[in-house]
1. Quick one: which of Cys407, Cys446 is at pLDDT below 95, crowded, with 20+ Cβ neighbours inside 10 Å and either part of a strand (DSSP E or B) or in the same structural domain as Leu307 (by TED's automatic domain parsing) (or both)?
2. Which of the numbered conditions does Glu424 fail, given that it passes all the others? Conditions: (1) surrounded by 13 or more Cβ atoms within 10 Å (Cβ to Cβ); (2) free of Cβ contacts under 8 Å to residues at least 40 places away in the same chain; (3) over 24 Å from Val334 (Cα atoms).
3. Kindly indicate whether any position in the range 279-287 is in the same structural domain as Ile348 (by TED's automatic domain parsing), part of a helix (DSSP H, G or I) and not hydrophobic (A, V, I, L, M, F, W, C).
4. Identify, by number, the condition in (1) surrounded by 18 or more Cβ atoms within 10 Å (Cβ to Cβ); (2) modelled with pLDDT of 95 or more; (3) not in a loop (DSSP other than H, G, I, E, B) that Cys341 doesn't meet.
5. Of the residues in the range 88-105, how many are within 48 Å of the chain's Cα centre (by Cα), closer than 27 Å to Gly27 by Cβ and not in a loop (DSSP other than H, G, I, E, B)?
6. Could you pull out every one of the strands (runs of 3 or more DSSP E) wholly within the range 145-246 that has 2 or more residues that are closer than 30 Å to Pro94 by Cβ?
7. State which residue pairs qualify: first residue assigned by TED's automatic domain parsing to the domain that holds Arg104 and inside the range 76-87, second residue not aliphatic (A, V, I, L, M) in any location, beta carbons under 6 Å apart, and separation of 6 or more residues or different chains.
8. Could you list all residues from the range 111-123 that are closer than 21 Å to Leu26 by Cα and not polar (S, T, N, Q)?
Amino acid sequence: MIKKCMSETSPQSISILVIEDEPGDLGLIRAHVRLSGLVHGGNKDPVVWAKTLASGIAAAQCNKPDVVLLDLSLPDSVGLSTVQAMRATLPGVPVVVLTGHDDRVLAIAALQAGAQDYLVKGQFDHDALGRAVRNALMREALKSRLHLFEVALNSVANGIVITDINAHIQWVNPAFTQLTGFSLEQALGRKPGELTKSGKHNPAFYQNMWKTILSGQRWHGEIVNRHKDGSLHDEALAIAPVTGGDGTIRHFVAILQDITERKQAEEQIRTLAFYDALTQLPNRRLLNDRLGQTMAASKRSGHYGALMFLDMDNFKPLNDTYGHSVGDLLLIEVAHRLTGCVREVDTIARFGGDEFVVMLSDLDEDKAGSTAQAGIVAEKIRTALAEPYLLTFRHEGEAETTIGHHCTSSIGVVLFINHEASQEDLLKWADMAMYQAKNSGRNRICIYE
C-alpha cells in the first residue's frame, strides 16, 4: 500500500528499497537519502539496501517498500529487464531508476517500461533525489487513482461519452458501445450526432441544448437516438461542461441511460388507464378529460360542440347465438367505421358493452347551423353502422366460419356551448335522446332540446 506523500509542512518518513552494487555510488546515495528529509531516525531503519536484483526482490517480498531506487546495471540483471522484473514484483510501487549514462533514449525506454523517474549518477544531489522520490510517489498515486476511476467508469451501467469543445469524441465506455453499437475505435474523433442522431428532434431542440452547455450549465432531458443497426431507443441524457483552470470549457461529459423499457411501460399504463382494451378507443376517463377541454375551448371561441350517445340495436342476439368473442369482432368493426365518419379533432369513446360516445368540437357559432352539422355527421354514422357486417371466426375444434349480420344503431345528440351545463348533464341528456330514438323504433337519430 502506498503511504501518503511527504509534505514540507508535515514530514513523514517513508520506506525505501535501494538496489545498488557499486560501493562508491552506494555511499553517495546513503548520504543523499539522509540529507533529503525522506527518512527519519527510529528503532527501525526505513532504508533497505540490496546489491543484486534477486536480493532486492527477496527483501521487497518480506517488507513492501514505498519506493524503489534501482540501478540499471546489477550483477544479476542489466537494462530494462531490471525495471520490468521489479514492476512485476511490486506493482503499484514507484521505481526511480539510477543510471550511470546520461542517455535520453534509455531514460524514455525506462519510463515506458514502468519507471516513474530516473536520475543520472553523479548529477543529482539530495534535493533532486527528494524531489524525484516525492514526484514518483505522487505520480504512482495518481496513476492508481486514474486506474480506479477507469475501472469504475467501465463498470457503470450507463453510457459515458467524453468529447472536446467541438463535440469530437475522445472516449466512451463499454456501456456506450452496448447502447449504441459503436465501439471506442469507431467513435473516436466523430461527433455523437453523426453516430446516433435519430431525426426525431427539430433544430430548436439541439440549439437549446448547445445554448445551455456552452453557457457553462448542465443540460438534461430525454432524447430519441438511433442504434448502429438502425433501431430507435429512448435515452435519459445529461451533459455537463468541464472547465480548465482558467474557467474555459475544455470538454463535455455526457451520461446516457436507456429508458426505452420505462417509456414503453409508461405508455402501456397510459393505454390501460385511458383507452379501451378491445377497440383501442378512448374510454370514459379520457372522454371526460377531453370533454372538459372542449367545453373550455367552446367558451373561448363561442363555437358549439356536440355529444352523441349511440347504442347498437341488434347486438345482444349476436352475443347470445355466437358468443362474446364474435360480438367483440362486431364492436371492433363498429369502432373502425366510426373512426371513418369523423374528423381527427373529434373524439370517439367506448363507454362499455355496445355503447359509444362521439364528441364533435368547433362547430358553427349559430345553434341552427351547428345542429345541422351534427345531424349530418349523425346520419353519416347511422348509415355506416347499418351496413351489413361480415364476421369471420373460428371456435375451438371447428372450421373457420363467416357470417353476415345486420346491426343498426340508435343515436342521441345534444349540443353544448360554454359551460351552460355540466359534463354529467350532457352525457345524461345524450343518453335520454338515445333511448328516445330506441323507443321510437330504433335505427334513428334524436336531438335533445
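1. Details: Cys446 fails: at pLDDT below 95.
The unique qualifying residue is Cys407.
2. Tallying (1) surrounded by 13 or more Cβ atoms within 10 Å (Cβ to Cβ); (2) free of Cβ contacts under 8 Å to residues at least 40 places away in the same chain; (3) over 24 Å from Val334 (Cα atoms), Glu424 fails exactly one: (1).
3. Here is the first cut: in the range 279-287, the ones in the same structural domain as Ile348 (by TED's automatic domain parsing) are 279-287.
Filter again for part of a helix (DSSP H, G or I), leaving 284-287.
Still in the running and not hydrophobic (A, V, I, L, M, F, W, C): 284-285.
Yes, because at least one residue in the range 279-287 is in the same structural domain as Ile348 (by TED's automatic domain parsing), part of a helix (DSSP H, G or I) and not hydrophobic (A, V, I, L, M, F, W, C).
4. With respect to (1) surrounded by 18 or more Cβ atoms within 10 Å (Cβ to Cβ); (2) modelled with pLDDT of 95 or more; (3) not in a loop (DSSP other than H, G, I, E, B), Cys341 is out only on (3).
5. So the first thing to find is which residues in the range 88-105 are within 48 Å of the chain's Cα centre (by Cα), and the list is 88-97, 105.
Now narrow it down to the ones that are closer than 27 Å to Gly27 by Cβ: 89-90, 93-97.
So of that shortlist, the ones also not in a loop (DSSP other than H, G, I, E, B) come out as 89, 95-97.
Residues meeting the conditions: 4.
6. Working: elements: 159-164, 169-172, 219-226, 232-243.
Ranges flagged: 159-164, 169-172.
7. Asp76/Thr52; Val83/Gly114; Arg87/Gly114
8. Of the residues in the range 111-123, the ones closer than 21 Å to Leu26 by Cα are 115-123.
Residues satisfying the conditions are Ala115, Asp117, Tyr118, Leu119, Val120, Lys121, Gly122.
The values are calculated or read from the model by the stated rules, or taken from the named source; none is laboratory data. If you're wondering where the values come from, they're calculated on a predicted model, not measured in any experiment. Using ideal geometry, Cβ is built from the backbone for each residue, glycine included, and neighbour counts are taken over all protein chains shown.
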